[in-house]
Amino acid sequence: DAQVTRPAALAFAGDTYQGLDAATLNAEDMDWAQDHLRILSGLYGLLRPCDAIQPYRLEMGSRLKNQRGGNLYDYWGDDLSNGLNALGDTVGADILVNCASQEYFGAVPTKALRLRVVNPAFMEDKNDGKGPRIISFFAKKARGAMARHIIQNRLTNADDVQGFDVDGYVYRDDLSGSEKPVFVRDHPAA
């Protein structure tokens, strides 16, 4: 009985992947993503969007005793950083726009990473006088939408992400830094 495989970008169903909505990207977008986007996986390490994978359930933060330590962060070691560095060399990039969660990107040893990391943040403003704040559910979908925006617009300059305006998000220079562009929108009504 052959095990079913799917392209990595279509195999995951979480909120971030709903924001990416890879199934609706056209062939040219998927080709560009194959060369520029990497998916962090606890089981497979670095994946390209079209890499065939078998379905699995294993979170990056899982405790899993192995020959390198007690968890997947220990297991992957510098392999993820080395793979991202190699991707940067291949595409001529010195910047990585991180659309992964802290749980997953925490597996990438930044000391071994030669790329400058830009971490977009997505906030909701409830207009309640407390100011904008991150709400995890919405931030996850927005990270996927940011990856889609980068793919569809073939962005190669980190400053160009400031043009992201999907689902009502607007770049906020007053809240942003060079490594952390912040996007805010009015909190959607329930």
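The values are calculated or read from the model by the stated rules, or taken from the named source; none is laboratory data. Small disclaimer: the values here were computed from a predicted structure and weren't measured. We place every Cβ from the backbone using ideal geometry, glycine too, and count neighbours over all the protein chains shown.
Residues in the stretch 47-72 that are farther than 24 Å from L10 by Cα and either in contact with a His (Cβ under 6 Å, 6 or more places away or on another chain) or outside any strand (DSSP E or B) (or both): Q67, R68. Confirm whether V184 is among the β-branched types (V, I, T) and closer than 26 Å to I39 by Cβ. When the stated conditions are applied, V184 does not pass them.
One residue stands out in the stretch 163-175 among those that are in contact with a helix residue (DSSP H, G or I) (Cβ under 8 Å, 6 or more places away or on another chain) and of a type outside the set (D, E, K, R): the one that is farthest from A139 (Cα to Cα), namely G163.
Okay, residues lined up against (1) modelled with pLDDT under 90; (2) among the small types (G, A, S); (3) exposed (fewer than 15 other Cβ atoms within 10 Å of the Cβ); (4) over 23 Å from Q162 (Cα atoms):
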{"position": "L58", "(1), (2), (3), (4)": "yes, no, yes, yes"}
{"position": "L96", "(1), (2), (3), (4)": "no, no, no, no"}
{"position": "V117", "(1), (2), (3), (4)": "no, no, no, no"}
{"position": "K126", "(1), (2), (3), (4)": "no, no, yes, no"}
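Kindly establish whether K130 is part of a helix (DSSP H, G or I) and either in contact with a helix residue (DSSP H, G or I) (Cβ under 7 Å, 6 or more places away or on another chain) or modelled with pLDDT under 95 (or both). No; evaluated as a whole, the condition is false for this residue. When the stretch 8-35 is filtered for residues that are modelled with pLDDT of 95 or more and outside any helix (DSSP H, G or I), the ones remaining, listed by number, are D21, L25, N26. For the stretch 74-90, the set of residues classified as modelled with pLDDT of 95 or more and either over 14 Å from L40 (Cβ atoms) or assigned to a loop (DSSP other than H, G, I, E, B) (or both) consists of N85, A86, G88, D89, T90, listed by residue number.
Look at the stretch 4-17: where a residue is under 18 Å from K140 (Cα atoms) and a partner is among the aromatic types (F, W, Y), sitting 6+ places away or on another chain with Cβ atoms under 7 Å, you get D15/F137. Restricting attention to the stretch 18-27, the residues that are surrounded by fewer than 17 Cβ atoms within 10 Å (Cβ to Cβ), at negative phi and in contact (Cβ under 8 Å) with a residue 24 or more places away in the chain add up to 1. In this structure, T110 qualifies as modelled with pLDDT under 95 and either over 26 Å from D21 (Cα atoms) or of a type in the set (A, V, I, L, M, F, W, C) (or both).
Cβ-Cβ contacts under 7 Å between residues 6 or more apart (or on different chains), taken from a first residue in the stretch 161-187 that is in a helix (DSSP H, G or I) to a second residue that is of a type in the set (S, T, Y) and modelled with pLDDT of 95 or more, are listed as Q162/Y171.
As for the stretch 137-144, it holds at least one residue that is under 22 Å from G42 (Cα atoms) and exposed (fewer than 14 other Cβ atoms within 10 Å of the Cβ).
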